[in-house]
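Structure, as structure tokens:
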């Protein structure tokens, strides 16, 4: 049976990649030395590789459009795919540390581009350790939205420094987010939810977004519905904890 | 050839060696050399060696010192290293006024321009600040606790520096990064606002220094790296102004076919007080490379190489005072294996370290003989431990320092087999508690 299907990781009916060929461990150690290529600086990010229809390889960046949304730890890319059609004019990128999962998202985007000509041209994915290399991808104030959906909870206290939201890492996220930019976090682990909220609440460059505003933000609904992890939690009838904060100028 | 060496470094953590360091009092009053856990101070004005007095209850350094520095006004001196102790000294009486315990090994120290805060960085990438408020010449500070102010994500911080106006704190790491953070009014609450990242190096950043000129008082940052370049940066925007390839341009790269990339890492940088001359110590260069910084053109160029004859002297650390025209250099290593001497420290001095005027023939920098250097033989005896040193020790020391730097700062590459083996022998799995 494997012989028969093994030659194609792409489903014949939907023309989308099949997840079962891209299984990966759920955890990855962000502290270990990585050996994948990293752009030297944001100006070295090759947009023509990520968005071939929008950028030709001769484009030298410059004043042209920049990536504005980053989904950190995008997993299988559910949110990105939804955002892509919701914000067709915005460039967005998923960042994922697991090799195979990144490969899946890459295939998924390519397949969607073929199936829906003209669509999904604004979305891409990159394999990287965002905890180490965020400043290599984005310049100061470049982003308007950052997503941290269902991150690894790293329960042990010894491993808390591996968490993707921490006071020190928020300094870097505040650097790449423009003033008014929004950081979205959600988890199904109450302890981690509290942790992320505490970090954001205590940070001088973020303020909580009011309930009313959250109601009006179409993206908030996607947090729990669009991602694979979110759907899993919903299936199991689990609870989710979200924290959505705005980047503000620090008071002097 | 490289693999066995790496493995050895893995298996015997205890063979780690530390390079000798030198620091010069801003008014040229004292010269300090650290070698291993030993801190040696010489009083240039009095012409005598200084005995350190440690009043605070903590012990003296028990392991290699990795960072030493005088405060901008020369009232304070800080030493720290692998024993996780940060010692703050009164740089006049040489009493230890405070000993602070760090959680991790300390890799860099800096003192804020106003002298109110001591900052130190550890091997996990966290920068800590310590408030010296209430520092009094003769008083011992007690119960001081450091607060974390910023962090590079689990990357060894190699150098820490305050901007000339004191507004920014600059930290460099082994992941090629230089971060410029606003040093806040209340540093103990954290330096959350990042001014810029200076990105461009393609290997670990090893050292930072500032150049300045009367019309550019805020100055520019220069950085040295394992990629054999010295780069010039505008810290406000983080933009790279110029890159100087010190490895290839000087043409001293070994031509014995090894062609190793990491062969000529920049080890240390030192700038003249008038601001535009940069001295660079480079692995494999027996001497000092002088770079000219043209501030208005925002460019760096190689001025000349001052070679050091007699013994393969490759400096491990540089220092200068704001008033004198001496460039102090030290080479050495904390432990030597298979040799009679246990450690090595050798001090040399270059005079005429300045630019008199851009177009005149500059005061030629010259290497001083041992009997010509300030402090003379007495100083050498104190700082080096002995006056004469056997020649063969130098090459062994240079090799040891280079290996230690590689092991510490360069990412290890493993073959597929070895990677599997290392996975099997991971010790973080489930060991009996």
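Counting only other chain Cβ atoms within 10 Å of each residue's Cβ, the peptide B:148-158 averages 4.
Taking a virtual spin label 7 Å from the Cα of residue B:386 along the C-beta vector, which residues in segment B:29-50 bring their backbone nitrogen under 20 Å of it? From segment B:29-50, the list is B:33-41. Our note on the geometry: Cα centres of segment B:151-229 and segment B:287-313, 22 Å apart. Please list, in order, the residues from segment B:202-218 whose amide nitrogen is less than 18 Å from a point placed 7 Å along the Cα→Cβ vector of residue B:294. Within reach of a label on residue B:294: B:211-216.
The orientation-averaged projection of the convex hull spanning the C-alpha atoms of segment A:1-159 amounts to 11.4 square nanometres.
Separation of segment B:42-114 and segment A:177-203, taken as the distance between their Cα centroids, equals 40 angstrom. Taking all pairs of different Cα atoms in the protein assembly as shown, averaging 1/r and flipping that mean, what Kirkwood radius in angstroms comes out? For the protein assembly as shown, inverting the mean 1/r across all distinct Cα pairs yields 27.2 Å.
Relative to the 2.2 N^0.38 Å rule of thumb, segment B:52-199 has a C-alpha radius of gyration ratio of 0.97. If you plug the beta carbon distance of residue A:214 and residue A:48 into 1/(1 + (r/R0)^6) with R0 = 35 Å, you get a FRET efficiency near 0.45. Remark on segment A:125-252: Rg and Dmax equal 14.4, 47 Å (Cα only). Per-residue shielding of B:188-198, expressed as the average number of other chain Cβ atoms within 10 Å of the residue Cβ, stands at 5. FRET efficiency for the residue B:27 to residue A:167 pair, using the beta carbon distance and R₀ = 51 Å, is estimated at 0.80.
Each residue of segment A:39-247 gets 127 Å³ once the volume of the Cα convex hull is shared out per residue. Distance between the modelled labels on residue A:65 and residue B:378, one decimal in nanometres: 7.4 nm (7 Å Cα→Cβ projection).
Here segment B:368-388 and segment A:60-99 have alpha carbon centers that stand 62 Å from each other. Extension gain for residue B:417 to residue B:245 (0.36 nm times residue separation, less C-alpha to C-alpha distance): 58.3 nm. With contributions of -39500 (n - 2.57) from each DSSP H run of at least four residues, the per-residue ellipticity at 222 nm computed over the protein assembly as shown stands at -6000 deg cm²/dmol.
Taken together, the values in this text are just the output of simple stated rules run on the coordinates, not laboratory data. Remember, it's a predicted structure, so these values are computed and weren't measured experimentally. As a convention, Cβ positions derive from the backbone with ideal geometry for all residues, glycine included, and neighbour counts pool all protein chains shown.
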